[in-house]
1. Would you mind telling me the antiparallel percentage of the DSSP bridges in the chain, rounded to 5?
2. Rounded to the nearest 0.05, what FRET efficiency do Ala87 and Ala288 have when you use their Cβ-Cβ distance and R0 = 25 Å?
3. Once the dipole of segment 24-328 is set up with Lys and Arg at +1 and Asp and Glu at -1 on Cβ about the Cα centre, which of Val141, Ala87, Phe210 lies farthest towards its positive end?
4. May I ask you to derive the FRET efficiency for Ser19 and His135 from their Cβ-Cβ distance with R0 = 41 Å, giving the value to the nearest 0.05?
5. Distance from a point 7 Å along Cα→Cβ of Ala203 to each backbone N in segment 220-240: keep the residues under 11 Å and list them by number.
6. How many angstrom lie between the C-alpha centres of segment 269-313 and segment 140-168?
7. Under 18 Å from a label point 7 Å along Cα→Cβ of Gln112: give me every residue in segment 308-331 with its amide N that close.
8. If the chain between Glu235 and Arg211 were fully stretched, how many nm would it gain, using 0.36 nm times the residue separation less the Cα-Cα distance?
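Values quoted throughout were computed directly from the atomic coordinates according to the rules given, and no laboratory measurement underlies them. Nothing here was measured: the structure is a model prediction, and the numbers come from that model. Neighbour counts run over all protein chains shown; Cβ positions are idealised from the backbone, glycine included.
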Amino acid sequence: MTFPITRHRRMRRTAALRSLVRETQLSVNDFIYPIFVTHGSGIKDEIPSMPGVYHYSLDLLQQEIEAVAASGVQAVLLFGIPEHKDAAGISAYEANGIVQQATRKVKEWAPQLVVIADTCLCQFTDHGHCGVIHHDERSGVAEVDNDSSLELLVKTAVAQAEAGADIIAPSNMMDGFVSAIRDGLDAAGYEMVPIMSYSVKYASAFYGPFRDAAHSAPQFGDRKTYQMDPANAREALREAESDVVEGADMLMVKPALAYLDIIRELKEHFDLPVVTYNVSAEYSMVKAAAANGWIDERAIVLETLTGMKRAGADLIITYHALDAARWLKGE
Ligand code: PBG
């Protein structure tokens with residue numbers, strides 16, 4: 001042969017060589033595990049569209065928390081399913097709200113685990129929106145009212161911090177939620193509680209199974225007036241920029257798979273930790289295909305999570321966390 005050949009394959013010859021030059025290392029420290037908690041007792045109900053994910057009542061939550069601690073995963077994200085829903089989402093910010101109760105328990109059972117509380121109203125409102133609704137008498141239009149929603153979200157965040165949450169994660173997508181919650185936390189003496197902001201949250205069909213799980217589907221309309229248009233990338237930078245200015249400690253991109261370019265953009269533009277949420281339908285699609293024997297679940301999951309990290313995610317919220325932690329140990 002006379003033409004020059006670049007020998008890329010030299011470095012791929014053995015597992016050891018490949019490992020030596022691997023650029024992205026997935027680790028158990030990258031994962032945050034979401035958990036759904038509910039009232040009552042003796043409840044461990046599998047979510048039909050999310051095999052392997054359950055609703056737990058507090059009495060059965062302890063075994064799950066022990067499994068998380070044993071897996072090496074360091075953080076959980078708590079979602080609550082309340083007993084009672086109303087127009088103002090009152091059970092989100094009561095001192096004995098379900099997320100607050102679960103937070104206290106988890107901190108008691110596993111003080112080293114980082115407890116992240118989801119701060120949103122949609123599981124707690126009877127209309128299923130992430131804020132409160134304003135009905136305009138003249139036009140007859142019902143809309144999510146930004147600023148009155150903020151007050152309730154601040155109350156929710158403060159109640160969660162009081163219960164011992166280590167991080168507040170507001171997912172509601174109201175304008176100004178980071179500064180409102182930061183002020184509220186500071187005023188209540190929680191200056192040291194960080195905010196993981198769902199900065200760039202798209203109005204996505206990939207939340208479908210979660211809404212079944214959390215009973216939080218909007219009862220009218222959709223979330224497109226507050227969540228972002230999937231077609232927009234530059235707007236993501238504006239959303240993230242305002243959160244940085246307002247005092248966010250971490251920035252999130254959600255969903256993950258269809259938005260890897262956005263993860264990369266945020267990583268390049270900002271110096272805060274970038275989190276991505278590997279959301280419910282991303283999980284369900286893998287589970288469904290695996291149940292049919294169409295894919296190798298373990299290989300698919302590890303490849304996908306590696307892709308998210310390679311794109312720039314410092315942390316990944318994923319329902320696969322406990323499985324992935326085992327697989328990384330070679331189990
Ligand atoms: C609530 C919330 C949603 C998710 C997390 N927090 C759903 C939504 O906005 O409707 C989705 C998570 C998932 O799909 O796994 N605001």
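1. Details: 8 of 42 bridges.
For the chain, the DSSP antiparallel bridge percentage is about 20.
2. On the way: r = 36 Å, r/R0 = 1.43.
For Ala87 and Ala288, the calculated efficiency is 0.10.
3. Going by the Cα projections, it comes out as Phe210.
4. Details: r = 61 Å, r/R0 = 1.48.
According to the calculation, E is roughly 0.10.
5. 221-231
6. Cα centroid to Cα centroid, the span is 29 Å.
7. From segment 308-331, the list is 322, 325-326, 329.
8. Numbers: separation 24, 0.36 × 24 = 8.64 nm, distance 2.54 nm.
Extending this stretch completely gives an extra 6.1 nm.
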